[in-house]
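Comments concern the structure below.
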Amino acid sequence: MGHTVNSIFIKAPYSKVFDVSNHIERWTELFGDEYVSADVLKRENNEITFRLSDDEGKSWVSKRWLYKDLKFAYASRHDPMFPFQYMKIIWLYHETSDGTLMTWIQDFTMDASAKFNDEQVEGFINEHSRHNLKIFKSVIEKEANEVERRK
């Protein structure tokens, strides 16, 4: 089984970090060039069903459950699962007086016929997560600073 954990500290209030980071329609901005589209298919209570597409023409549907009051979000890839057999993601948020620590945890197992194995994909995910977390930090901190300046 593959497992990754990556974190970044964002100098912004928890509510701002949670809301922006879980705004699926903004993921084409927040994930750099990783997704060419991020479309919400359905919202029901705290559950969001959405489709992500990459620049290779691949797309998949995932579900995300938001637990803002408990400071976490949980996601699961659904259709198609390939190249994974299993893919679960948890985003944890730890609020401090100076900002918010955001942590991404991913657990997965690659399909036996996939091009890459669990260990190789851990490396890819770690690299992409670190890069993307920096984008999240930059975008959210900029927005939080603009809000503070307007006060």
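The values are calculated or read from the model by the stated rules, or taken from the named source; none is laboratory data. The shown structure was predicted, so the numbers you read here are calculated from the model rather than taken from an experiment. Heads up, the Cβs are rebuilt from the backbone with ideal geometry, glycines too, and the neighbour counts pull from every protein chain shown. For accessibility, only protein heavy atoms count, side chains too; no ligands or nucleic acids. Shrake-Rupley method; radii C 1.70, N 1.55, O 1.52, S 1.80 Å.
Points to keep in mind about this one:
- Length-normalised contact order of the stretch 65-151 in % [C-alpha pairs under 8 Å, at least 6 apart]: 19
- Formal net charge of residues neighbouring THR4 (Cβ-Cβ distance under 14 Å; K, R +1; D, E -1): -3
- Taking all protein chains into account, the per residue accessible area for the chain stands at 56 Å² (1.4 Å probe).
- Square roots of five times the Cα gyration tensor eigenvalues for the chain, Å: 27, 17, 15
- Protein heavy-atom surface of the chain, 1.4 angstrom probe: 51% of the accessible area is carbon and sulfur, with nucleic acids and ligands not counted.
- The local environment of PRO83, defined by Cβ-Cβ distances under 9 Å, has a net charge of 0 under the rule Lys, Arg +1 and Asp, Glu -1.
- Measuring nothing but how far apart in sequence close Cα pairs (under 8 Å, 6+ apart) lie, relative to its length, the chain scores a relative contact order of 30 percent.
- For PHE108, the shell of other residues with beta-carbons less than 14 Å away shows a net charge of -3, using +1 for Lys and Arg and -1 for Asp and Glu.
- Helical runs assigned H by DSSP (4 residues or longer) give the chain a calculated mean residue ellipticity at 222 nm of -10000 deg cm²/dmol, each run adding -39500 (n - 2.57) before division by the residue total.
- Lysines whose Cα lies under 25 Å from that of LYS11, excluding same-chain neighbours fewer than 8 positions away: LYS68, LYS71, LYS134, LYS137, LYS142, LYS151
- Taking the C-alpha atoms only, the angle from helix 118-150 to the longest principal axis of the chain is near 20 degrees.
- Distance between the C-alpha centres of the stretch 64-80 and the stretch 112-133: 20 Å, rounded to the whole angstrom.
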